[in-house]
1. Where Lys and Arg each count +1 and Asp and Glu each count -1, what net charge lies around F47 among other residues with Cβ under 11 Å from its Cβ?
2. Please name whichever of I14, I30, F47 sits farthest to the positive end of the charge dipole of the chain, dipole taken about the Cα centre and charges placed at Cβ: Lys and Arg +1, Asp and Glu -1.
3. So what's the back-of-envelope 222 nm ellipticity for the chain, counting only DSSP H runs of four-plus at -39500 (n - 2.57) apiece and dividing by all residues, rounded to 500?
4. So with the 1.4 Å probe, I'd like the accessible area per residue for the chain, rounded to whole Å².
5. Return the sequence-ordered ³J(HN,Hα) values of region 6-11 in whole Hz as given by the Karplus equation 6.51 cos²θ - 1.76 cosθ + 1.60 applied to θ = phi - 60°, using x for Gly and Pro.
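The values are calculated or read from the model by the stated rules, or taken from the named source; none is laboratory data. Predicted model, so just to flag it, every value in this text is computed and none were measured. Cβ: placed from backbone, ideal geometry, glycine included. Neighbour counts: every protein chain shown. Heads up: the accessible areas ignore ligands, DNA and RNA and are worked out on the full protein's heavy atoms, side chains in. Shrake-Rupley method; radii C 1.70, N 1.55, O 1.52, S 1.80 Å.
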Amino acid sequence: MITELAVTTIAHAIQLAVAPVFLLTGVAAILSVLTNRLGRIIDRSRFCMADRCRLLK
């Protein structure tokens, strides 16, 4: 039969093995959000520059 200590040890080992996966997933999600926001900023700046050039002509 599995003792209480072995169950705790196995649970801790699983926790240590899974933690980096959640960390990497979180970092990837943040990078995705920041990339999308940067793309929107670039698109908006291009639109504003085109509008400004149109108004100056």
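1. Working: positive: R40, R44, R46, R52, R54; negative: D43, D51.
Local net charge: +3.
2. F47
3. Details: 1 runs with 53 residues, N = 57.
For the chain, the value works out to -35000 deg cm²/dmol.
4. Per-residue value: 97 Å².
5. 5, 5, 5, 5, 5, 4
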